[in-house]
Amino acid sequence: MNLVPSQYRNVSVADIPVPLDEPSVRGYLLGRPAYRRTRYLVARHGTASAVLEVSKESERPLFSPITAVAVVAAAEETAFVDAPEADTAIPTQLARVAAERAPHARCVIVRGRYGHVSFIADPAPARVTVVEVVPPRPAKLVDQLTRVLDLAEDLPPVELVPDLVDLAELAGSRPSGHYLFPCRAGGSAAETLGAEGKGPGAGVSYLDEVPRRRPWTLVGCARSRAIHDFFYPGEVDVVDMCPRALAGRRFAGRTGPVLTKCCLLEDRVSAESDCVVVPWGATFAQVKEGLQLALRADAPAPP
């Protein structure tokens, strides 16, 4: 599954004058010279395309005779797609084009950015669930992961499955006359509360501004509660918005990698079974590390 050439320079494209069945292409190609970097050949005949794997007599000279031909994907199971926006060096981008443009093809050849051609055979991207709270929008962790994957030549194809928890709905589950959010990033949630009739006229304050105390409901997490206790000793009604805690409740007993975040992690990434947690203010390097750990958790056990 997820057969993708390690470099698109390993892929050559050639129009050939014979039908694309295996005996014909083998008879035509055997003994013909091939560039030393060529491992795969996208063979085209008319409007049909097939993907072949070729072996050569040697990879030392610039060109060497082809000694063996194997069909990776026959013409009837292959689609050729022009997607100039896609970087064909990125496995996730190839898988995305395959899913969107040729979902029924076993193998999808993509002519993408810079005119480079590559392919993906038997696409089966790993599904990684991302638990995040919104606003802000776009959901920051999902956006960071998308940007990492759009440049990740060294990662297999990945499909992100956002599981977004709306702060307005979360807060609205505990009606209150006044809400305290950790910072203004969640402020638009309070506006939504009023718009949806879940908290008409509800006041809003922000913990990082240390406002005058009111009988509010704190929409926050363990760190928010600790900060609240420092400035406002005593009891407070709390709606837990920690993505890590939400993930634990929403996916308890389910399988498959989950990636989320928590502000109690300040400088490291944590892996707990198939749940990976990055810091709330994770760098792109930490986001990629978390994704690698999630993919490792999803990998099948060795036989």
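Distance between the 7 Å Cα→Cβ label points at Ala70 and Ser270: 4.5 nm. Looking at the chain alone, DSSP beta bridges between its own residues are antiparallel in about 40 percent of cases. The relative contact order of region 1-134, computed from alpha carbon pairs under 8 Å that lie at least 6 residues apart in sequence, is 25 percent.
The alpha carbon radius of gyration of the chain, expressed as a multiple of 2.2 N^0.38 Å, is 1.36. Taking a ≥ b ≥ c as the square roots of the eigenvalues of the Cα gyration tensor, region 238-303 is oblate, since a/c reaches 1.5 or more and a/b is not larger than b/c.
Taking the Cα centre of the chain as origin, sum charge times position over the Cβ atoms of Lys and Arg (+1) and Asp and Glu (-1), and report the length of that vector in debye to the nearest 20.
With Lys and Arg at +1 and Asp and Glu at -1, about 360 debye.
Each Cα pair under 8 Å and six or more residues apart adds its separation to the average, and for region 207-303 the resulting relative contact order is 20 percent. May I ask you to give the percent of accessible area on region 235-288 that is carbon plus sulfur, with a probe radius of 1.4 Å? After summing per-atom areas, the C and S share lands at 50 percent.
Taking all Cα pairs closer than 8 Å and separated by 6 or more residues, the relative contact order of the chain comes to 12 percent.
To the nearest 500 deg cm²/dmol, what mean residue ellipticity at 222 nm is calculated for the chain from DSSP H runs of n ≥ 4 alone, each contributing -39,500 (n - 2.57), summed and divided by the residues?
-7500 deg cm²/dmol
Distance from the alpha carbon centroid of region 57-103 to that of region 245-303 works out to 32 angstrom. Applying the criteria of a DSSP loop state and at most 16 other Cβ atoms within 10 Å to the trypsin sites (Lys or Arg not before Pro) of region 206-236 yields Arg212, Arg213. Each of Met241, Met1 has its accessible area taken with a 1.4 Å probe; listed largest first, they run Met1, Met241. Counting heavy atoms of the protein chains alone, Val72 has an accessible area of about 20 Å² for a 1.4 Å probe.
Using the 1.4 Å probe convention, the accessible area of the chain works out to 50 Å² per residue with neighbouring protein chains retained. If you run the Gaussian network model on the chain, springs between alpha carbon atoms under 10 Å, then out of Val18, Val258, Val42 the most flexible one is Val18. Between Pro182, Pro215, Pro156, the residue with the greatest mean-square fluctuation in the GNM of the chain (Cα pairs under 10 Å linked by springs) is Pro215.
Per-atom-type breakdown for region 87-132 gives carbon and sulfur 46% of the accessible area (1.4 Å probe, protein chains only). The loop-placed GluC sites (Glu not before Pro) in region 125-189, going by DSSP, that have at most 14 neighbouring Cβ atoms within 10 Å of their Cβ come out as Glu153.
Applying 1/(1 + (r/R0)^6) with r as the Cβ-Cβ distance of Arg26 and Val161 and R0 = 35 angstrom yields a FRET efficiency of 0.25. Positive end of the dipole of the chain (Cβ unit charges, origin at the Cα centre): among Val165, Gly177, Gly112, the Cα lying farthest that way belongs to Gly112.
The values are calculated or read from the model by the stated rules, or taken from the named source; none is laboratory data. Computed from a predicted model, the values in this text were never measured in an experiment. Cβ sites come from the backbone with ideal geometry, for glycine too, and all protein chains shown count toward neighbours. Keep in mind that these areas ignore ligands, DNA and RNA; they rest on the heavy atoms of the full protein, side chains included. Shrake-Rupley method; radii C 1.70, N 1.55, O 1.52, S 1.80 Å.
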